[in-house]
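Input: a single structure, listed below in structure tokens.
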Amino acid sequence: MSILIKGARVIDPGHLDDICDVLVANGRIEAVQPADTMQVSQDDMTVIDGRKQWLTPGLIDLHVHFREPGQEYKETILTGSQAAAAGGFTAVCTMPNTDPVNDDPAVTGLILEKARQAGLVRIYPVAAISKGLKGEQLCEYGELKSAGAIGVSDDGKPVINSRLMRRAMEYASGFGLRVISHCEELNLAAAGSMHEGPRATRMGLPGIPSAAESTMVMRDIELSRLTGVPVHIAHVSAKESVEAIRAAKSQGVAVTAETAPHYFTLTDEAVEGYNTNAKMNPPLREEADRYAIRQALAQGVIDIIATDHAPHAILEKQVEFDRAANGIVGLETALSLGLKLVREQLLSAEVLIERMAAAPAKFLGIEYGIRTGLPADLTLIDPDRNFTVQTGAFKSKGRNTPFGGMELTGKTMMTMVDGKIVYSEKSDNKS
């Protein structure tokens with residue numbers, strides 16, 4: 001069966017931004033033509049009205065925690081995949097801090113088998129840099145690559161030993177694995193639970209200075225310069241980190257970076273009332289940091305928007321603030337928060353899709369877009385659809401978000417992977 005998407009604004013960054021009809025057949029893009037010019041048979045064809053909507057390459061999230069194996073009470077690969085599809089994501093990269101840690105080919109294989117069983121979005125496992133995320137001994141990268149890993153990271157924990165991090169970068173490059181760095185200087189972060197500043201002092205909470213992030217960003221930039229190996233900086237939150245990345249890029253260092261929607265949307269003001277749903281690591285910072293993140297996205301200093309989707313059970317959040325788990329869910333709100341940047345004219349529509357689809361695809365080394373012959377991984381977006389964030393309606397098991405009850409604009413209407421519709425807003429409303 002073929003699918004014809006008619007009259008959508010097709011946004012394929014660097015290639016096309018026009019009103020078109022797109023024909024999908026046998027899992028691939030069969031044709032892309034100006035609207036109402038395509039001559040096709042209507043037999044055995046599904047026609048989707050795309051008028052006043054955007055059709056984009058499927059969104060890709062480089063940074064999610066699906067918790068399986070070992071913490072299925074928080075999230076499973078199935079529920080995480082359902083959340084991704086509902087958010088417009090056709091592919092995600094899963095972080096290795098599962099239980100057991102993804103530091104063994106058997107765990108990588110299990111994740112991929114669970115993804116196959118779910119049959120929804122593409123899953124690219126990120127394996128651990130060090131065994132057990134302990135920062136002491138490197139994993140067997142060749143075996144992990146053969147099992148299906150696309151990169152390595154100790155996300156959730158930093159690699160404190162600089163020599164080990166250097167060896168990890170050199171070793172990973174030999175297998176074509178990307179290194180994703182969680183930048184946190186633990187001695188500076190200490191037992192902090194929110195951003196260090198006047199608000200933390202007033203609330204009586206131990207703070208985490210921006211330097212806890214930026215000093216490690218600077219270290220890993222220097223290791224990239226030393227080794228000639230690219231490094232990707234995860235979840236950038238601080239203006240000092242932005243400036244270090246900006247300077248490194250201007251000097252030709254092979255550094256890329258991501259941030260998350262909560263860092264360009266919120267500040268530590270969201271923590272008021274000891275709101276544990278706004279507790280994360282790195283923490284929400286001050287307005288100057290939020291401004292710097294937004295400008296860095298507009299200027300291309302930060303290449304990618306990722307969610308750092310981190311579901312937790314209610315009992316892990318409904319505790320004292322300093323004891324609460326770090327992290328929020330993000331897959332089902334990321335697109336809407338990104339579209340806010342377009343309405344504010346900080347980003348164009350094309351740049352937003354570049355940050356959420358094309359740049360992640362480039363990072364993964366896959367050919368991607370809305371062009372004849374490419375896999376039909378597509379997202380159909382209504383940029384003007386208003387809705388209220390209802391956490392009880394999330395596909396994710398996680399409900400830990402500071403955006404609950406917020407009015408947002410812009411919503412995924414359909415998500416397609418390999419020509420198969422894996423999410424439809426119309427079908428979802430009927431269920």
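For segment 1-43, the set of residues classified as assigned to a strand (DSSP E or B) and β-branched (Val, Ile, Thr) consists of Ile3, Ile5, Val10, Ile11, Ile19, Val22, Val24, Ile29, Val32, listed by residue number.
Looking at Val231, Val253, can you tell me which residue is surrounded by fewer than 23 Cβ atoms within 10 Å (Cβ to Cβ), touching a helix residue (DSSP H, G or I) at 6+ places or on another chain (Cβ under 6 Å), under 28 Å from Tyr141 (Cβ atoms) and at pLDDT 95 or above? Spell out the reasoning first.
Numbers: Val231 fails: surrounded by fewer than 23 Cβ atoms within 10 Å (Cβ to Cβ).
Going through Val231, Val253 in turn, just one is surrounded by fewer than 23 Cβ atoms within 10 Å (Cβ to Cβ), touching a helix residue (DSSP H, G or I) at 6+ places or on another chain (Cβ under 6 Å), under 28 Å from Tyr141 (Cβ atoms) and at pLDDT 95 or above: Val253.
Taking the criterion of being touching a Pro at 6+ places or on another chain (Cβ under 8 Å) and among the charged types (D, E, K, R), the only residue of segment 366-394 that qualifies is Asp377.
Specify the residue that is surrounded by the most Cβ atoms within 10 Å (Cβ to Cβ); the eligible residues are those in segment 40-63 that are among the polar types (S, T, N, Q) and in contact (Cβ under 8 Å) with a residue 12 or more places away in the chain. Among those residues, the one meeting the criterion is Thr56.
Residue count for segment 147-179 satisfying the condition of being closer than 29 Å to Lys114 by Cα and among the acidic types (Asp, Glu): 2.
Of the residues Ser241, Ser237, Ser224, which single one is touching a Phe, Trp or Tyr at 6+ places or on another chain (Cβ under 9 Å) and in the same structural domain as Met169 (by TED's automatic domain parsing)?
Exactly one residue qualifies, and that residue is Ser237.
Against the numbered list (1) modelled with pLDDT of 95 or more; (2) over 21 Å from Ile29 (Cβ atoms), Lys430 comes up short only at (1). Can you confirm whether Glu136 is more than 29 Å from Leu331 (Cβ to Cβ), in contact (Cβ under 8 Å) with a residue 24 or more places away in the chain and in a loop (DSSP other than H, G, I, E, B)? Yes; evaluated as a whole, the condition is true for this residue.
For segment 275-294, the criterion of being among the small types (Gly, Ala, Ser) and free of Cβ contacts under 8 Å to residues at least 24 places away in the same chain is met by no residue.
State whether one or more residues within segment 164-179 are modelled with pLDDT of 95 or more, crowded, with 22+ Cβ neighbours inside 10 Å and within 25 Å of Asn275 (Cβ to Cβ). No - not one qualifying residue is present in segment 164-179.
Tallying residues that are assigned to a strand (DSSP E or B) and within 19 Å of Ala247 (Cα to Cα) within segment 268-313 yields 1.
The values are calculated or read from the model by the stated rules, or taken from the named source; none is laboratory data. Predicted, not measured: the structure shown is a model, and the values here were computed from it. We place every Cβ from the backbone using ideal geometry, glycine too, and count neighbours over all the protein chains shown.
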